[in-house]
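Before any comments, here is the structure.
Each reported figure results from applying straightforward, stated rules to the coordinates on display, with no laboratory input. Here the structure is a predicted model, which means the values were calculated and not measured. Virtual Cβ from ideal backbone geometry, glycine too; neighbours counted across all protein chains shown.
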Amino acid sequence: MAAEDFELTGKDVLRIAELGGMPIGDEDSSFSPEDASDEAEAAFDSDVVDVDTLLRQMADAALDSDEDEFARFMSENKGTVARAADDPRVPEMVELGYRFGISRGSAACMNDLGAYHYMGGVLEQDYQKARDLYQMAADRGCQQSIINLGYIFEYGRTGEPDYGRAYQCYALAAALEPSWEASYKLGDMYSRGRSVERNLARACLLWERSLDLAKGIVQIAQPAIRIAQLLVSPDCAKWGIEPDPLRALMLFQQAEVGLRLDIADGQTYYRRRLQQAIDGQRQARELVEENGLE
């Protein structure tokens with residue numbers, strides 16, 4: 001699979017403009033994306049999505065001179081896109097917009113279209129397409145795609161799990177540049193003994209690094225819940241880690257907030273982990289009270 005495989009015809013590009021409500025041919029061509037900015041901001045603050053406004057902005061991003069602009073727009077508005085996906089025009093625009101970016105060499109669009117196929121929902125779930133797109137983007141130096149390939153291998157999405165290749169992906173991504181996600185995923189490999197000898201002390205060090213690198217409560221949620229679960233676990237002391245239910249309580253609370261935001265943004269697969277964060281707070285409070293730390 002190569003970028004050339006995603007080339008759009010002139011008809012496809014016109015379809016992007018048509019879906020976005022842009023004038024075509026001899027019609028009035030005075031439309032500017034700024035015309036919709038206030039309208040879009042008001043619409044996107046609500047759970048009720050103005051689909052026509054969304055499509056207009058998606059078309060403007062897709063046709064921007066910067067081939068990565070569509071990927072940026074979609075990243076900033078993925079929750080809105082997910083809520084509007086019942087309208088068949090939205091998945092069509094998602095597919096066309098990413099394909100246009102890929103045809104112009106955008107690694108970000110390759111990665112993100114792969115993620116849409118990985119997750120399913122807005123577009124058809126297809127792990128093989130996701131893997132191929134991640135590999136294309138990784139070959140162009142996209143760090144996130146290297147991490148995403150790690151998920152493909154770790155969970156055996158296109159065959160049997162391959163923990164060795166998953167570990168290599170996470171380690172390579174972490175070596176390329178500091179990454180909160182690659183760090184906590186490497187910690188997971190050590191905590192589960194996958195491809196490496198199980199070592200919770202090393203896992204905790206990697207989770208702590210991830211916590212240090214995380215920006216914002218959403219990123220904090222992932223390393224936070226892992227560290228918190230360890231700090232209230234009987235395994236904690238076995239690995240030379242001091243139990244700390246009070247800190248665990250704080251981390252569970254942070255994880256709850258971040259996971260709720262993730263779920264509201266369409267990542268509903270985190271519901272089970274959210275329940276773990278809620279249950280963990282109860283466990284941590286009980287330990288705090290038993291130790292007289294209230």
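The residue list VAL218, TYR184, LEU205 was ranked by how far each Cα lies along the charge dipole of the chain toward its positive end, using unit charges on Cβ atoms, and LEU205 comes out on top.
Could you give the length gained on full extension between GLU7 and LEU205, defined as 0.36 nm per residue of separation minus the Cα-Cα distance, in nm?
Values: separation 198, 0.36 × 198 = 71.28 nm, distance 4.51 nm.
Residue separation times 0.36 nm, minus the Cα-Cα distance, leaves 66.8 nm.
Mean separation of Cα pairs under 8 Å and 6 or more residues apart, divided by the residue count, gives the chain a relative contact order of 11 percent.
For the stretch 141-210, the relative contact order comes to 24 percent (Cα pairs under 8 Å, sequence separation of at least 6). Which whole-angstrom value gives the distance between the alpha carbon centres of the stretch 233-265 and the stretch 47-65? For the stretch 233-265 versus the stretch 47-65, the Cα centre distance is 38 Å. Which lysines does LYS11 reach when only Cα atoms under 29 Å apart count, and residues fewer than 8 places away in its own chain are ignored? The reachable lysines, counting only those whose Cα sits under 29 Å from LYS11, are LYS78, LYS129.
How many percent of the alpha carbon pairs in the stretch 214-294 exceed a separation of 17 Å? Counting pairs separated by more than 17 Å, the tail of P(r) holds 44 percent. Please compute the Kirkwood hydrodynamic radius over the stretch 84-203, one decimal place, Å, based on all pairs of different Cα atoms. The answer is 15.0 Å. Annotation: peptides 88-95, 101-108, 201-208, ranked by per-residue average of other Cβ atoms within 10 Å with the highest first, follow the order 101-108, 201-208, 88-95. Couplings 3J(HN,Hα) of the stretch 230-241, computed from phi: 5, 5, 10, 8, x, 6, 4, 5, 4, 9, x, 9 Hz, in residue order, whole Hz [Karplus 6.51 cos²θ - 1.76 cosθ + 1.60, θ = phi - 60°; x for Gly and Pro]. Partners of LYS185 within straight-line reach, counting lysines whose Cα lies under 19 Å from its Cα and excluding those fewer than 8 residues away in the same chain: LYS215.
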